[in-house]
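Notes follow the structure.
The values are calculated or read from the model by the stated rules, or taken from the named source; none is laboratory data. Keep in mind that this is a model prediction, so the values were computed, not measured. Note that each Cβ is placed from the backbone with ideal geometry, even for glycine, and that neighbours are counted across all protein chains shown. Accessible surface areas use protein heavy atoms only, side chains included; no ligands, DNA or RNA. Shrake-Rupley method; radii C 1.70, N 1.55, O 1.52, S 1.80 Å.
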Amino acid sequence: MRGLSVPSFYKIMTFKEKVNALITEALLEKPSIFLIDLSISDSFKISVGLDGDNGVALQDCIDISRAIENNLDREEQDFSLEVASVGVGSPLKFTRQYIKNIGRTLIVTTNSEKIEAELVEANDVFIILSWEAREPKKVGKGKETVQKEQQIPYTEIKEAIVTVTF
C-alpha cells in the first residue's frame, strides 16, 4: 500500500480533535471560562474564542494558548494559534452568556422585530427584556411613559448583542 496518500481531511479532522481535547482539558482548570468558538483553517490557523462568567483575563488566554501549543508537535503539523476573548460587539451564542449579561442592555433581533432593552432574566428556554416606551394615553391626548416587558424564546432570537453605553 505504499504510494497511497492519506486524504488531507483525515489529518485535519485528527488535528482538530487533538486541539479540541487540549482546550477541553485546559478549561477544566478554569471552570468560569468557556469556549465560544474554535476554528481551524485549511492552513492550520487555530482561532479560539473564549468568554467567562466574570470576563476573560489576559492570563486566561495565555494559559489556554500554552496548553494547546505545548502539547502539539510542530514537526508533525505546523500551525499558527490565536486565543482571544470574544469582543464586546460579538453576538451572544450560549445561555451562559445571556445569564452573565443580566442587567445590561441588549439589541435583540427576532424574525419580526428589533428591540433595544435591558436583559432582566435569562434561563434555559427564554430571556425577558424590559424597557420604557412612549405610548398614547388611554384617556385624553398626548403620550405617557409605560414600562414594557417581553419574554422571548431563544428559538426566536436571530441575534443578540450587548450594547456599550458611555
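From the Kirkwood radius over Cα pairs of the chain, Stokes-Einstein at 10 °C and 1.306 mPa s returns a whole-number translational diffusion coefficient of 84 µm²/s. Remark: relative contact order (the stretch 96-135) = 32 percent; criterion is Cα-Cα distance under 8 angstrom and separation of 6 or more residues. Sorting S130, S41 by accessible area puts them as S41, S130; the probe is 1.4 Å, largest comes first, and only protein heavy atoms count.
On the protein heavy atoms, probe 1.4 angstrom, tell me the percent of accessible surface of the chain carried by carbon and sulfur.
It is 50 percent, rounded to a whole number.
In angstrom, the C-alpha Rg and Dmax of the stretch 74-138 are 18.4, 74.
In the chain, the calculated helix contribution to ellipticity at 222 nm averages -7500 deg cm²/dmol per residue, counting -39,500 (n - 2.57) for every DSSP H run with n ≥ 4.
Helix 8-28 axis versus longest C-alpha principal axis of the chain: approximately 60°, rounded to the nearest ten.
For the pair N20 and K143, a Förster radius of 45 Å applied to the C-beta separation gives a FRET efficiency near 0.25, rounded to the nearest 0.05. Over the stretch 15-87, the Kirkwood radius and the radius of gyration, each from Cα atoms, give a ratio Rg/Rh of 0.95.
Taken about its Cα centre, the stretch 74-157 carries a charge dipole of about 700 debye when Lys and Arg each add +1 at the Cβ and Asp and Glu each add -1 at the Cβ.
Listed by chain and number, the lysines whose C-alpha is less than 27 Å from the C-alpha of K137, apart from same-chain residues fewer than 8 away, are K114, K148. Note on the chain: with a GNM built from Cα contacts shorter than 10 Å, the maximum mean-square fluctuation among S47, S85, S112 falls on S112.
Sorting V164, V86 by accessible area puts them as V164, V86; the probe is 1.4 Å, largest comes first, and only protein heavy atoms count.
Based on Cα contacts under 8 Å between residues 6+ apart, the chain shows a relative contact order of 17 percent. Computed over protein heavy atoms with a 1.4 Å probe, the accessible surface of the chain works out to 66 Å² per residue.
Taking 16 Å as the straight-line reach from the Cα of K16, the lysines in range (excluding those fewer than 8 positions away in the same chain) are K45.
Mean sequence separation of contacting Cα pairs (under 8 Å, at least six apart), scaled by the length of the stretch 92-162, corresponds to a relative contact order of 33 percent.
Here the dipole of the chain is about 640 debye; that uses its Cα centre as origin and unit charges on the Cβ of Lys and Arg (positive) and Asp and Glu (negative).
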